[in-house]
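Data block below; observations after.
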Amino acid sequence: MKVSYFDTYLYNYFRLQESLIAQNQPTVALEIAERGRARALVELLNKRFARDANFIPTENPPLLP
């Protein structure tokens, strides 16, 4: 069974956030929280597209109207 990035580092992100809050750095703590969530999202997207055999990554992202 593969252990996910998020599962591996969840505790570390949480502890880093706590210590930054204790040092009165809530903005940096929020940035760390967002970074952890972003990494989890990237991992989920990678899993989703890895299962899709028809997925072909493109160099140019689609343009939004």
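The values are calculated or read from the model by the stated rules, or taken from the named source; none is laboratory data. Owing to the predicted nature of the structure, the values given are computational and were not obtained by experimental measurement. Ideal geometry is used to build each Cβ from the backbone, glycine not excepted, and the neighbour counts take in all protein chains shown. With ligands, DNA and RNA removed, areas are computed over all heavy atoms of the protein, side chains included. Shrake-Rupley method; radii C 1.70, N 1.55, O 1.52, S 1.80 Å.
General observations
- All conditions but one from (1) modelled with pLDDT under 85; (2) open to solvent by 90 Å² or more (accessible area, probe 1.4 Å); (3) not in a loop (DSSP other than H, G, I, E, B) apply to P65; the one that does not is (3).
- Candidates N60, N12, filtered to the one that is on the phi < 0 side of the Ramachandran plot, at pLDDT below 85 and loosely packed, with under 13 Cβ neighbours inside 10 Å: N60
- Residue among N24, N54 that alone is in a loop (DSSP other than H, G, I, E, B), at pLDDT 80 or above and open to solvent by 70 Å² or more (accessible area, probe 1.4 Å): N24
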